Amino acid sequence: MNTKQLKAKVLDLAIHGKLLSPETVAELKKSPDYETADVLLKKIRKEKEEKIAKGELKRDKKDSYIFVGDDKRHYEKFADGTVKDIEDEIPFDVPEGWAWCRLGGISTLKGGKRIPSSLSATKKKTEHIYIRVTDMKNYSISDEDLVYIDNLIFDKIKQYTISKTDLYLTIAGTIGRVGEVPEQFDGMNLTENALKLTNIFINKRYLMFVLNSSFVQDYFESTYHQVAMPKLSLINASKTLIPIPPFFEQEKVVSTIENTFKQIDLLEQNKSDLQTVIEQTKSKILDLAIHGKLVPQDPNDEPASVLLEKLRAEKEDKIAKGELKRDKNDSYIYKGSDNCYYQRFADEREENISDEIPYELPESWAWCRIKDICTINPKNKLDDNLEVSFIPMTLIEAGYANNHGQETRVWKKIKTGFTHFAENDVAIAKISPCFENKKSVILKNLKNGYGAGTTELYILRACSIVLPEYLFWIVKTDSFINEGVGNFSGVVGQQRLARDIVENYYIPLPPIKEQKRIISKIVSLFEKLDTIENNIE
């Protein structure tokens, strides 16, 4: 059960009269001022009549009250004197001393007001805040994104304000949010998409919690879910059934809910803190991996420098056979006898690049660039009628996961205008914010081994000396992500990672056997961390 469900359960227990222990209730009943909810509701009706007589309150023609007859059934008596048996409407039994009433019987419901057409709110601060549904959250009103109205608009809708003694109830957009009004919003204007509950005759916070319970929220939904433009009407809101405990119990229930919610919020914070620690731990594991500190080195492993030499020899052989064209910009990195790093170009020029090397590696490792060990954005040559995978960005999972969904399409329909890939290629998002969110995967289980997808991907096809899984973890590291984010180009909102940044990114390359050990260790540690995270709730 997650923390949201826990809070819902607390409210459910509260409205059923099961939150307080029998001992606590018995102690409350010992007070000489203790009175049942029936007595409380009679006093409320009397107080309302007095206010009506004084002109402080208008009589509602739809006003009614609920009572229990001698036959133990629930009845509702209306303002015109008629009585209706409503036993079938009562959703559950409440404890002795409690009673049922309608929301309209313990408060007055009034609507807000739309800003007149041709006029509009503004971000420029004035004396008048216009409170919208989007501002209403977490049992309160947020001041993070307020809008204001000028005196002209205020004069037209000045009767539709809300008080710090009221509660709000959203009736359109996001329906059913209920909360209190902080001091700074006292007397401010209320949107037409919300009601205010004023003249509240019971404990205001108790009423707020009841209205946020799943029981009431389900009732609200039942009244509007079949409407084309969902809206909770004032009439239906007024009919909401409210379980009322004696006044002393209301106060005790509220304090118990508040204390319990504090503990749940602490649990939520601890959960959030633990998730942060898990994220940081994963980042640290990958950092140790690329520094050669996650698993021990084995002197019997064939060094990465030898692997790179073999790879260069293979390329030269293919060039000699005419199977490959020489790239004039081709180069490779080596460490000289002076312990400095050099880049040797195809024309045999050399350049000292020691200042560019991020850090020292274990003796059996070597530095290279992504373009030295990968083909970037290769092209597929396939039969037009072959069914292959199609993967848009939305089907690539973010974070440290290695998951993607896929669709099936005929190759001729996606061979142009999309990025090509094949089984075991590594895909990297190149657009913000997908790149920062680590949307990168090893493409697996592709239809007939091939596919195409969004143009906002770089595809890395690993050569024989680097495992796709090792490459995959490289592009998940903070160092790779930070390097990319620091080199975004393009307009705001459409920032992209330039290809040359990817091509020339320095890769710390271990021996093949050590790559396998690193991959196995990362997977093992991440599985344990995922197990912890999945059991947080």
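The values are calculated or read from the model by the stated rules, or taken from the named source; none is laboratory data. Fair warning: this is a prediction, and the values are worked out from it, not measured in the lab. Please note: Cβ atoms are built from the backbone with ideal geometry, for glycine as well, and neighbour counts cover all protein chains shown. The protein model used for the area step is the full one, side chains on, heavy atoms only, and it has no ligands, DNA or RNA in it. Shrake-Rupley method; radii C 1.70, N 1.55, O 1.52, S 1.80 Å.
Please state which one of T108, T122 is polar (S, T, N, Q), loosely packed, with under 14 Cβ neighbours inside 10 Å and touching a residue at least 12 places away in the same chain (Cβ under 8 Å). On inspection, the qualifying residue turns out to be T122.
Those residues that are open to solvent by less than 40 Å² (accessible area, probe 1.4 Å) and either at pLDDT below 95 or assigned to a loop (DSSP other than H, G, I, E, B) (or both), I need them from the stretch 158-180; list them, please. Of everything in the stretch 158-180, those that are open to solvent by less than 40 Å² (accessible area, probe 1.4 Å) and either at pLDDT below 95 or assigned to a loop (DSSP other than H, G, I, E, B) (or both) turn out to be S163, D166, I171, A172, I175, G176.
Only one of these is surrounded by fewer than 15 Cβ atoms within 10 Å (Cβ to Cβ), in contact (Cβ under 8 Å) with a residue 60 or more places away in the chain and polar (S, T, N, Q): Q263, Q297, Q275. Name it. Show your work before the answer.
Numbers: Q263 fails: in contact (Cβ under 8 Å) with a residue 60 or more places away in the chain; Q297 fails: surrounded by fewer than 15 Cβ atoms within 10 Å (Cβ to Cβ).
Answer to the check: Q275.
Of all residues in the stretch 213-240, those satisfying the criterion of being buried (at least 19 other Cβ atoms within 10 Å of the Cβ) and touching a strand residue (DSSP E or B) at 6+ places or on another chain (Cβ under 7 Å) are A237, S238, T240. Taking the criterion of being open to solvent by less than 50 Å² (accessible area, probe 1.4 Å) and either without any contact (Cβ under 8 Å) to a residue 12 or more places away in the chain or not in a loop (DSSP other than H, G, I, E, B) (or both), the residues of the stretch 1-25 that qualify are T3, A8, V10, L11, D12, A14, I15, S21, T24, V25. Of the residues making up the stretch 349-359, just one is open to solvent by less than 40 Å² (accessible area, probe 1.4 Å) and in contact (Cβ under 8 Å) with a residue 24 or more places away in the chain, namely I357. Cβ separations smaller than 8 Å between residues 6+ apart or across chains give the following pairs from the stretch 314-336 residues that are within 17 Å of E348 (Cα to Cα) to residues that are open to solvent by 90 Å² or more (accessible area, probe 1.4 Å) and part of a loop (DSSP other than H, G, I, E, B): I319/K325; I319/R326; K328/D347. Going residue by residue through the stretch 428-436, is there one that turns out to be surrounded by 14 or more Cβ atoms within 10 Å (Cβ to Cβ), modelled with pLDDT of 95 or more and of a type in the set (D, E)? Scanning the stretch 428-436, I find no residue that is surrounded by 14 or more Cβ atoms within 10 Å (Cβ to Cβ), modelled with pLDDT of 95 or more and of a type in the set (D, E), so the answer is no.
Restricting attention to the stretch 360-385, and to residues there that are under 30 Å from N339 (Cα atoms) and aliphatic (A, V, I, L, M), which single residue is surrounded by the most Cβ atoms within 10 Å (Cβ to Cβ)? Out of the qualifying residues, it is A366.
Scanning the stretch 42-59 for residues that are in contact with a Phe, Trp or Tyr (Cβ under 7 Å, 6 or more places away or on another chain) and either closer than 18 Å to M208 by Cα or open to solvent by less than 40 Å² (accessible area, probe 1.4 Å) (or both) gives a single hit, I44.
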